[in-house]
Amino acid sequence: MRLLSLNIWGGRLKEKLIPFLADSAKCTDMFCFQEVLDVDKAEKYEWSKMSKFNDAFAKEGTAEDERIFDSLKDTFPGFGPLLTQPYSNGGARLATFVTNRTKVIGGEAHSLPVEIRQTVNGDEQRCRPILQHTRMESGGRQYNIVNFHGIWVYLKWHSDTPERFEQSDAITKFIGKLKGRTILCGDFNLSPDTESLRMIEDAGMRNLVKEFGIKSTRSEMFPKGQDQFADYVLVSEDVEVDGFGTLDETVSDHLPLYLDFK
């Protein structure tokens, strides 16, 4: 099977993103996305304000697509969509798409007991991370696919913080209760050498970004000189890895990560 994980950056590069995903769907069994937008009327004002905040960190000429989830659903007619509630006041959500060829046993979203509130450029930014857990079965084996977007801490960037220690502790407790093979993927907002990441590795998870010597998980849209790592895929020891890497596609400020496994 193949899994693809990508922070889609709110659909800022939609014109490149959608054709890439449509082509990838031919050989991919599941997609795990972060920063997916599906803004309703009640969220409109808050999203609009936070979208301007996010624009300050994006390159000129890109804008978020508040209904990018609709475009994703149209792109994957043979896949079942799972969407969480927003995990930030900017309307960002997690979305997982699993091919109809694969048996999905269940799917749940688990809010972590961590919340960060910070003021950036005069606006309050709030985030409470979610683990999107999809349980599936293939070849008589049960798999846990856990999609995740870690907290972003202004001026601390991807370094260790008390909130990130708390976040990693909650993640290790959650995955420690799962039965079956486990894959944890997404935008962790962590550097490779952080203790926060090591806590998850020490819980029996293989860090494939380290194991396969990945040089960066950022695309050319991300400023050079800043931390070139944010995204990871970690697997339990019983997951058989056939291949792993990044795809050199500029469809976000992150690179897509793919995992071939059984």
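Quickly run through segment 172-199 and pick out the residues that are in contact (Cβ under 8 Å) with a residue 24 or more places away in the chain and within 19 Å of VAL153 (Cα to Cα).
Step one: filter segment 172-199 for residues in contact (Cβ under 8 Å) with a residue 24 or more places away in the chain, giving 172, 174-176, 178-192, 194-197, 199.
Matches in segment 172-199: GLY186, ASP187, PHE188, ASN189, LEU190, SER191, PRO192, THR194, GLU195, SER196, LEU197, MET199.
Residue check: is ILE151 at pLDDT 95 or above and in a loop (DSSP other than H, G, I, E, B)?
yes
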**Asked** Counting just the residues of segment 203-235 that are closer than 19 Å to SER159 by Cα and among the acidic types (Asp, Glu), which one comes out modelled with the lowest pLDDT?
**Response** ASP227
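Residues to consider are ARG128, ARG141; find the one that is in contact with a Leu (Cβ under 9 Å, 6 or more places away or on another chain) and either of a type in the set (D, E, K, R) or modelled with pLDDT under 95 (or both). Break it down stepwise before answering.
Working: ARG141 fails: in contact with a Leu (Cβ under 9 Å, 6 or more places away or on another chain).
Only one candidate passes the filter, namely ARG128.
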**Request:** Report yes if some residue within segment 223-241 is among the β-branched types (Val, Ile, Thr), surrounded by 17 or more Cβ atoms within 10 Å (Cβ to Cβ) and touching a Cys at 6+ places or on another chain (Cβ under 6 Å); otherwise report no.
**Result:** yes
**Request:** Please work out which one of (1) in contact (Cβ under 8 Å) with a residue 24 or more places away in the chain; (2) part of a loop (DSSP other than H, G, I, E, B); (3) not β-branched (Val, Ile, Thr) is the condition PRO77 fails and give its number.
**Result:** (1)
**Asked** In segment 114-121, is there at least one residue being of a type outside the set (Asp, Glu), in a strand (DSSP E or B) and closer than 24 Å to LEU257 by Cα?
**Response** no
**segment 9-43, subset of a type in the set (Lys, Arg) and assigned to a loop (DSSP other than H, G, I, E, B), residue farthest from LYS262 (Cα to Cα)** = ARG12
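The values are calculated or read from the model by the stated rules, or taken from the named source; none is laboratory data. Because the structure is a prediction, the values reported are computed rather than measured. Glycine also receives a Cβ, built like all others from the backbone with ideal geometry; neighbour counts cover every protein chain displayed.
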